[in-house]
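The values are calculated or read from the model by the stated rules, or taken from the named source; none is laboratory data. Computed from a predicted structure; not experimentally measured. Cβ coordinates were reconstructed from backbone atoms using ideal geometry, including for glycine residues, and neighbour counts include every protein chain displayed.
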Amino acid sequence: MVEDGIRRIMAATPAHLPTFTLPQAVTPTDRSNLLPPSAQTVYDLLALHGPQTHKDLVATAGLPARTIRWAVHRLREEGLVQGRLNVRDPRQTFFFVNP
């Protein structure tokens, strides 16, 4: 039944309407520009200052801790940022731009 509904919608959609597709060769910088402003800010800070902990990012960005956590999560999902455990304090993670 669901498939029939989808077929009807597709058949009713005019072919002249534009569709949005991302280019295949998207660079990390291009992908970071498609993110929300908070994630762009975190990405730019990591690219500019190098590896930082969550606490460092909160202090540098001046954004709430929750916003930084969400931004780092989005950046990690996109593959733009990686995290590495702090050897001196395993409770902390250093985040850095994915090479």
Would you please name the residue that is farthest from the chain's Cα centre (by Cα), looking only at residues in region 52-77 that are outside any helix (DSSP H, G or I) and surrounded by fewer than 16 Cβ atoms within 10 Å (Cβ to Cβ)?
GLY62
If the Cβ limit is 8 Å and pairs must be 6+ apart or interchain, which residue in region 41-63 that is under 14 Å from HIS73 (Cα atoms) pairs with which residue that is of a type in the set (Ser, Thr, Tyr)?
TYR43/SER32; THR53/THR93; HIS54/THR93
Exactly one of THR19, THR67, THR53, THR41 is of a type in the set (Ser, Thr, Tyr) and at pLDDT below 65, and that one is THR19
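Would you check which residues across region 78-99 are more than 14 Å from LYS55 (Cβ to Cβ) and loosely packed, with under 12 Cβ neighbours inside 10 Å and list them?
Matches in region 78-99: GLY79, ARG84, LEU85, VAL87, PRO90, PRO99.
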